[in-house]
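The values are calculated or read from the model by the stated rules, or taken from the named source; none is laboratory data. None of the values given here were measured: they were computed from a predicted structure. Virtual Cβ from ideal backbone geometry, glycine too; neighbours counted across all protein chains shown.
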C-alpha cells in the first residue's frame, strides 16, 4: 500500500496485509484509490481539474483505518485531514502513517465512533471519505452523525465505499456511482 500521487507519491504506508477482520480493517486498494482520485481531480464531475474538490480541502476521513484515503488527499493538495477511527489497531496504523508522511501539522487524529461523533469544534469539512465495514448500515449512521455534529460544509462532497448501493440520505445528491470488483464507490453532494 502506497501513496499513488502528489507530493508524497510512492511513499509506502504501514502494511496490514489483506486486512484485519477482527479490527474491521480492509484497506482501499491502490487501484480503487487511484480511480477515486481520478474521478475527483481529472473527471468531469466538477467541471475539470481546476475545480476539483481536493485542492485546498478540509478532509474528513471516517472509519479511517490506515488513513490511506485521507493521506492521499493530503499528498494531492488538501489543506488538512481529520482522521476518525475508534479501533486500537487503526489508531496505531494511523499514527505510523502520519509519521511516515511527516504530516502531523496538517492532520488531526480523533479516536471516536464515526456513528456517534461529538460536536465539531473546528472548521467544517468539504470532502468526506466514508469507508465503513461493509453491509452494516454504518455509513448511513455516520453521515447522519456528521451532519448533526456540524462536520460538513454545505455542498460537501462525500465519497462512500461500500459493497452495495447505500441508502442515500435525504437532501444529498448522487453525482456518480461505479463498481470496482466487490467495491461500489458512490459520490454524493451534501445539501447546500
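Only residues that are part of a strand (DSSP E or B), without any contact (Cβ under 8 Å) to a residue 24 or more places away in the chain and within 16 Å of residue 137 (Cβ to Cβ): list them for region 158-189, please. Residue satisfying the conditions is 184 alone. Considering only residues that are in contact with a helix residue (DSSP H, G or I) (Cβ under 7 Å, 6 or more places away or on another chain) and over 19 Å from residue 10 (Cβ atoms), which ones fall in region 82-105? Result: 83, 85, 87, 89, 90, 104.
Exactly one residue out of 103, 114, 89 is in contact with a strand residue (DSSP E or B) (Cβ under 7 Å, 6 or more places away or on another chain) and surrounded by 18 or more Cβ atoms within 10 Å (Cβ to Cβ), and it is 114.
Note on region 70-94: residues that are at pLDDT 95 or above and outside any loop (DSSP other than H, G, I, E, B) amount to 11. crowded, with 24+ Cβ neighbours inside 10 Å and more than 16 Å from residue 3 (Cα to Cα): is that true of residue 73 in this structure? Against the criterion (crowded, with 24+ Cβ neighbours inside 10 Å and more than 16 Å from residue 3 (Cα to Cα)), residue 73 does not qualify.
Only a single criterion out of (1) touching a helix residue (DSSP H, G or I) at 6+ places or on another chain (Cβ under 9 Å); (2) within 21 Å of residue 45 (Cα to Cα); (3) surrounded by 20 or more Cβ atoms within 10 Å (Cβ to Cβ) is not satisfied by residue 132, namely (2).
Go through region 99-146 residue by residue and tally those that are in a loop (DSSP other than H, G, I, E, B) and without any contact (Cβ under 8 Å) to a residue 24 or more places away in the chain.
3
Only one of (1) out of contact with any strand residue (DSSP E or B) (no Cβ under 7 Å at 6 or more places or on another chain); (2) closer than 24 Å to residue 3 by Cβ; (3) at pLDDT 95 or above fails for residue 132. Which number is that? Failing condition for residue 132: (3).
Here are 65, 47: which of them is assigned to a loop (DSSP other than H, G, I, E, B), modelled with pLDDT under 95 and touching a helix residue (DSSP H, G or I) at 6+ places or on another chain (Cβ under 6 Å)? Step through it out loud before you land on a result.
Numbers: 47 fails: touching a helix residue (DSSP H, G or I) at 6+ places or on another chain (Cβ under 6 Å).
Exactly one of 65, 47 is assigned to a loop (DSSP other than H, G, I, E, B), modelled with pLDDT under 95 and touching a helix residue (DSSP H, G or I) at 6+ places or on another chain (Cβ under 6 Å), namely 65.
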